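Colleague: Mind looking over this structure? Questions follow.
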Amino acid sequence: MKDLPNLTMKGKFDHFIQEGITVLKPNHDEVAKLHDAGQIPSEFGSRIWHSSYLLIHYLSKLDLSSEQNIVELGCGWGLPAAYIQKRFGAKVLATDVDSQVKYYQQLITRVNSVVVPFFQRSFSQLALDDLSDIDLLVGADVCYSPTNAKRLAELFYHYMKEVNGEIILVDSGRRPFFHLVDEMKQTFSLSLNEVKIDLPTRASGYILHLGKH
Ligand SMILES: C[S@@+](CC[C@H](N)C(=O)[O-])C[C@H]1O[C@@H](n2cnc3c(N)ncnc32)[C@H](O)[C@@H]1O
């Protein structure tokens, strides 16, 4: 009998599958090798956060086009970026302030046979960039401090004023995230929905979807 794919993060396996994308666990040899080589992310990017799984679940119900240019903010291991490339064929850029995460992000792209370039860029740097050809910004678990909420608000004002595009931000429900939602509500049309999943792990959080959708 053929082995069934492992769909849960629980158990002895060193990887599992979510929506067709392979996710490596910390006990995977390749992940352990990076860790042992001293490539240790400094800003909480040393693992995949649950909001990445919630974001992939939400994206799986959307109809994104291969023509779109998409940026993942604070990507860490960049799982949603790899998923978007694999599922929709869109052009995706994975960005993060911490250059150490790129080793993990590139490992995830390699095992999934996708090409997602990494660009070391902070939210504040992106807020000064020309984003006119970007159709969608996505991010998972990046609004965890008042400072990051302020930086993200500046980036979102800049991006929406320049492009009037779309932003999807997922969070487990921290206070800075809800402050950001309240601020964005004053100026932009948006939806905020609670989301729960059971696989690959039991998780819940909130999806902020800003702009036309
Ligand atoms: C909690 S981790 C989440 C990582 C990934 N999105 C996930 O869901 O697994 C937060 C990420 O945001 C990045 N980050 C923190 N502050 C940032 C900033 N000012 N600009 C860009 N990235 C930032 C960190 O380096 C880290 O990778």
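Colleague: If you take the residues of segment 122-137 that are within 13 Å of the ligand (Cβ to nearest atom) and without any contact (Cβ under 8 Å) to a residue 60 or more places away in the chain, which of them is surrounded by the fewest Cβ atoms within 10 Å (Cβ to Cβ)?
Modeller: Of the residues in segment 122-137, the ones within 13 Å of the ligand (Cβ to nearest atom) are 122-129, 137.
Remaining after also requiring without any contact (Cβ under 8 Å) to a residue 60 or more places away in the chain: 122-129.
Working: 122: 18, 123: 24, 124: 14, 125: 14, 126: 22, 127: 18, 128: 12, 129: 16.
Step by step, filter segment 122-137, then rank; the result is 128.
Colleague: To continue, here is another question. What's the total number of residues in segment 175-213 that are part of a strand (DSSP E or B), of a type in the set (S, T, N, Q) and without any contact (Cβ under 8 Å) to a residue 24 or more places away in the chain?
Modeller: The qualifying residues number 2.
Colleague: Note down all Cβ pairs under 7 Å where the first residue falls in segment 1-27 and is on the phi < 0 side of the Ramachandran plot, the second is aromatic (Phe, Trp, Tyr), and they're at least six residues apart or on different chains.
Modeller: Cβ pairs passing all conditions: 6/13; 6/16; 7/16; 8/16; 9/16; 18/53; 21/83; 23/16.
Colleague: Considering only segment 1-34, how many residues are surrounded by fewer than 14 Cβ atoms within 10 Å (Cβ to Cβ) and closer than 27 Å to residue 143 by Cβ?
Modeller: The qualifying residues number 1.
Colleague: Output the residues belonging to segment 138-152 that are surrounded by 18 or more Cβ atoms within 10 Å (Cβ to Cβ), in contact with a helix residue (DSSP H, G or I) (Cβ under 6 Å, 6 or more places away or on another chain) and not in a strand (DSSP E or B).
Modeller: Once the filter is applied, which keeps residues that are surrounded by 18 or more Cβ atoms within 10 Å (Cβ to Cβ), in contact with a helix residue (DSSP H, G or I) (Cβ under 6 Å, 6 or more places away or on another chain) and not in a strand (DSSP E or B), segment 138-152 yields 141, 143, 149, 151, 152.
Colleague: When residue 45 is evaluated against the numbered criteria (1) assigned to a loop (DSSP other than H, G, I, E, B); (2) surrounded by fewer than 20 Cβ atoms within 10 Å (Cβ to Cβ), which criterion, by number, is the only one it fails?
Modeller: All conditions are met except number (2).
Colleague: Take residue 191 and tell me if it is polar (S, T, N, Q), over 20 Å from residue 70 (Cα atoms) and open to solvent by 10 Å² or more (accessible area, probe 1.4 Å).
Modeller: no
Colleague: Hey, residue 86 hits all of (1) closer than 21 Å to residue 143 by Cβ; (2) charged (D, E, K, R); (3) in contact with a Gly (Cβ under 7 Å, 6 or more places away or on another chain) but one; which does it fall short on?
Modeller: The failed condition is (1).
Colleague: Whether any residue in segment 53-72 is near the ligand (Cβ under 9 Å from one of its atoms), in a helix (DSSP H, G or I) and either open to solvent by 10 Å² or more (accessible area, probe 1.4 Å) or in contact with a Phe, Trp or Tyr (Cβ under 8 Å, 6 or more places away or on another chain) (or both) is what I want to check.
Modeller: No: zero hits.
Colleague: Another question, if that's okay. Can you report the number of residues in segment 73-88 which are among the aromatic types (Phe, Trp, Tyr) and more than 7 Å from the ligand (Cβ to nearest atom)? Walk me through it before giving the result.
Modeller: Residues of segment 73-88 among the aromatic types (Phe, Trp, Tyr): 77, 83, 88.
Restricting the remaining residues to those that are more than 7 Å from the ligand (Cβ to nearest atom) gives 83, 88.
Going through segment 73-88 one residue at a time, the tally reaches 2.
Colleague: Next question, about the same structure. Considering each of 204, 172 in turn, give the residue that is surrounded by fewer than 18 Cβ atoms within 10 Å (Cβ to Cβ), within 15 Å of the chain's Cα centre (by Cα) and within 16 Å of the ligand (Cβ to nearest atom).
Modeller: Result of the check over 204, 172: 172.
Colleague: If you scan segment 26-52, which residues turn out to be over 15 Å from residue 101 (Cα atoms) and more than 10 Å from the ligand (Cβ to nearest atom)?
Modeller: Matches in segment 26-52: 27, 28, 29.
Colleague: Among the residues of segment 85-120, which ones are part of a loop (DSSP other than H, G, I, E, B) and surrounded by fewer than 16 Cβ atoms within 10 Å (Cβ to Cβ)?
Modeller: If we filter segment 85-120 for residues that are part of a loop (DSSP other than H, G, I, E, B), which is where we start, we get 89-90, 97-100, 112-117.
Listed by number, the residues that qualify are 89, 99, 113, 115, 117.
The values are calculated or read from the model by the stated rules, or taken from the named source; none is laboratory data. The structure displayed is predicted, hence computed values, not measured ones. Here Cβ is always computed from backbone atoms with ideal geometry, including for glycine, and neighbour counts include all displayed protein chains. Please note that ligands, DNA and RNA were not included when accessible areas were found on the heavy atoms of the full protein model with its side chains. Shrake-Rupley method; radii C 1.70, N 1.55, O 1.52, S 1.80 Å.
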